[in-house]
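Colleague: Dumping the structure here so I can ask a few things about it.
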Amino acid sequence: MWNDVAWKDFRDALRSRFVVGASVLLVALSLGTLSLELVRDTTPETPTRLLFLLGGAFSWAVPIIALVTTYGAILHERNSGSLRFLLGLPNSRRDIVVGKFLGRSGTVVIPIVGSVVIVLAGMVVAGIPILLSTYLPFLSESVWPSRRSRRPVLGPSPPRSVSTSCSGSSGGFY
Amino acid sequence: MAVVEFDGVEKRFGTVAAVEDLSLAVEEGEIYGFLGPNGAGKTTTFNLLLDFVEPSRGSVSVFGRDASTESTYVRHRTGVLAEDYGVYARLSGREHLRFAIRTKDAADDPDDVLERVGLRDAADRRAGSYSKGMRQRLAIAMALVGAPDLLVLDEPSSGLDPNGGVLFRRLIREERDRGATVFLSSHLLEEVQALCDRVGILSNGRLLAEGTVDELLDRATVRPKMTIEVDQVPDDLLTALREVEGVFAARVREDSTAVEVRCDDGPSKFRALSAVVESGAGLVDFETAAVPLNEAFQRITEAAAQGGSRD
């Protein structure tokens, strides 16, 4: 079933050096941005500037992480032959696509949410005012961009056999 | 009742027919073996059964249901060992089993299943560090999850060491005794002979012959070989030998110091030797040898391809 595929994929991805490294990178970017801001004097523009800097960093890091993660989810599974395990078990094609989408989403969304939480915590500690009306849209935009801000990352489409699943499971991130 | 039924199935990839006009039935509770050289269409047949590919023509049904439209149902009741599978290198053996158990809604204990294939001690290791034989054992364990009614095993003993082969044959017999139907492929005649109730020979996408291994050997007139060393080969020796009852073939060995005779066991051998003595060839020595299985296999395939027996 899709939830078993999602859980399997999530656990598998968590042990990938790339996913671990990417999560560390996101957290480091957040902490770096935060500390850069903290060494300056806090002004009324600080929250906005923080968002601007973080947004810039995330808009590069998140699509790349999503791309590599989804590549692993689809192509690696096919190339290594483990797809034959997946299809030999009573999973439908839909179970596999939905399960992989959710499992891999988890590995991308969790570090994003974690980074934002760290930044918010840092702001509380530093006494910078938190305006939820500013931060919540930022968070939701990182995870699920609105149509307006969604932009293509890939030029030519990937190989035909994977294009549907690949763009499907990574499309949510950019 | 037939558990697996192929009816006039054809599968083409472009202009190449991987399987042609295939009709076969695997009956409930039997161990059916697919024998054939590489590229014969064995894997395509399994892929059709599991809905990895769809037939170009004909129908495939499993448990009386359409293999394509009701594939999830079919796979729920089937244990699968596919060809060219790869393990999840980052997941442990136990996690592989847990995944299979959850997906099949089975109640097995992962460690019990790993114990059956002799991988209990490696349960916590990442499968990426397993040897080829261990990966094969893991794949077999995943197929056994949930006591499936049908086991579909593509080249299950490839990569297994001799101990693994013995273990595998025991497991398959246990499964059959439990009531499971087994459909496996192999290119090892010996294994199929030891294990299967019935065998189908596939070559170039066609089912050439079906039956027990002994029936097939008989049909191909595969007989033991007797080599008779002589001083010289008289002109009429071969003719005389071929007339002996129970002798199917006779030929002079390349170095002209011996004749090779294919004949039944028992008195036929004695009669053949007598014929040599009577011909004045000068009997030096003789030895008999059972048919090597790979040769028997080749002869079965050839005989089946020609649609009859040959000597």
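The values are calculated or read from the model by the stated rules, or taken from the named source; none is laboratory data. Note that this is a predicted model, so its numbers are computed, not measured. Glycine gets a Cβ as well: all are built from the backbone with ideal geometry, and neighbour counts include every protein chain shown. Remember, those area values only see protein heavy atoms, side chains included, never the ligands or the DNA or RNA. Shrake-Rupley method; radii C 1.70, N 1.55, O 1.52, S 1.80 Å.
Colleague: Condition check: under 27 Å from B:Glu10 (Cβ atoms), out of contact with any His (no Cβ under 6 Å at 6 or more places or on another chain) and part of a strand (DSSP E or B). Does B:Leu202 satisfy that?
Modeller: Judged against the criteria, B:Leu202 is a match.
Colleague: Could you tell me which numbered condition B:Glu174 fails, if it satisfies all but one of (1) more than 19 Å from B:Phe46 (Cβ to Cβ); (2) in a helix (DSSP H, G or I); (3) in contact (Cβ under 8 Å) with a residue 12 or more places away in the chain; (4) open to solvent by 20 Å² or more (accessible area, probe 1.4 Å)?
Modeller: It is condition (3) that B:Glu174 fails.
Colleague: A follow-up question, please. Given (1) open to solvent by less than 40 Å² (accessible area, probe 1.4 Å); (2) within 27 Å of the chain's Cα centre (by Cα), identify the lone condition not met by B:Leu241.
Modeller: The failed condition is (2).
Colleague: Can you tell me which residue in region B:82-99 is nearest to the other protein chains (Cβ to nearest Cβ), limited to those that are modelled with pLDDT under 95 and within 22 Å of B:Arg173 (Cα to Cα)?
Modeller: B:Ala82
Colleague: Report yes if B:Asp105 is charged (D, E, K, R), within 7 Å of chain A (Cβ to nearest Cβ) and open to solvent by 70 Å² or more (accessible area, probe 1.4 Å), otherwise no.
Modeller: Taking the combined requirement at face value, the residue does not satisfy it.
Colleague: For B:Leu119, work out the one condition from (1) open to solvent by less than 10 Å² (accessible area, probe 1.4 Å); (2) within 13 Å of chain A (Cβ to nearest Cβ) it doesn't fulfil.
Modeller: (2)
Colleague: Keeping to region B:18-57, report how many residues are on the phi < 0 side of the Ramachandran plot, open to solvent by 10 Å² or more (accessible area, probe 1.4 Å) and among the small types (Gly, Ala, Ser).
Modeller: 4
Colleague: Still on this structure: Go through B:Ser279, B:Ser256, B:Ser274, B:Ser268 for me and flag whichever is of a type outside the set (Asp, Glu) and on the phi > 0 side of the Ramachandran plot.
Modeller: B:Ser256
Colleague: Consider A:Ser105 carefully, then state whether it is buried (at least 22 other Cβ atoms within 10 Å of the Cβ) and at pLDDT 85 or above.
Modeller: Criteria met by A:Ser105.
Colleague: Kindly establish whether A:Gly72 is surrounded by fewer than 21 Cβ atoms within 10 Å (Cβ to Cβ), more than 26 Å from B:Ala100 (Cα to Cα) and at pLDDT below 85.
Modeller: No; evaluated as a whole, the condition is false for this residue.
Colleague: Inside region A:1-116, counting only helices (runs of 4 or more DSSP H) that do not spill past its ends, which hold 3 or more residues that are within 14 Å of chain B (Cβ to nearest Cβ)?
Modeller: Those helices (runs of 4 or more DSSP H) span A:2-14, A:17-39, A:77-80, A:83-88.
Colleague: A further question follows. Output the number of the condition that B:Gln193 fails; it satisfies all remaining conditions of (1) polar (S, T, N, Q); (2) buried (at least 21 other Cβ atoms within 10 Å of the Cβ); (3) within 13 Å of the chain's Cα centre (by Cα).
Modeller: Only one criterion is unmet by B:Gln193, namely (2).
Colleague: Could you please give the count of residues in region B:148-162 that are in a loop (DSSP other than H, G, I, E, B) and either in contact with a Gly (Cβ under 6 Å, 6 or more places away or on another chain) or at pLDDT 95 or above (or both)?
Modeller: Looking only at that region, the number is 6.
Colleague: Here is a list: B:Asp84, B:Asp21. Which entry is among the charged types (D, E, K, R) and without any contact (Cβ under 8 Å) to a residue 60 or more places away in the chain?
Modeller: B:Asp84
Yes/no per residue for (1) of a type in the set (A, V, I, L, M, F, W, C); (2) surrounded by 14 or more Cβ atoms within 10 Å (Cβ to Cβ):
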position	(1), (2)
A:Asn3	no, yes
A:Phe10	yes, yes
A:Val27	yes, yes
A:Leu36	yes, no
A:Glu45	no, no
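Colleague: Then there is this: Name the residues in region B:66-81 that are closer than 21 Å to A:Ser80 by Cβ and at the interface with chain A (Cβ under 7 Å from one of its Cβ atoms), would you?
Modeller: If the condition is that a residue be closer than 21 Å to A:Ser80 by Cβ and at the interface with chain A (Cβ under 7 Å from one of its Cβ atoms), then B:Arg75, B:Val80 are the ones that fit.
Colleague: Can you tell me how many residues in region B:58-93 are farther than 23 Å from B:Val19 by Cβ, touching a Pro at 6+ places or on another chain (Cβ under 9 Å) and crowded, with 22+ Cβ neighbours inside 10 Å?
Modeller: The qualifying residues number 1.
Colleague: Do we have B:Asp124 as surrounded by 14 or more Cβ atoms within 10 Å (Cβ to Cβ) and more than 29 Å from the chain's Cα centre (by Cα) here?
Modeller: Taking the combined requirement at face value, the residue does not satisfy it.
Colleague: Here is a check on your reading of the model: is B:Arg12 open to solvent by 60 Å² or more (accessible area, probe 1.4 Å), within 14 Å of chain A (Cβ to nearest Cβ), over 22 Å from B:Leu195 (Cβ atoms) and free of Cβ contacts under 8 Å to residues at least 60 places away in the same chain?
Modeller: no
Colleague: Kindly establish whether B:Ser158 is free of Cβ contacts under 8 Å to residues at least 40 places away in the same chain, over 19 Å from B:Ala82 (Cβ atoms) and out of contact with any Ser or Thr (no Cβ under 7 Å at 6 or more places or on another chain).
Modeller: Taking the combined requirement at face value, the residue does not satisfy it.
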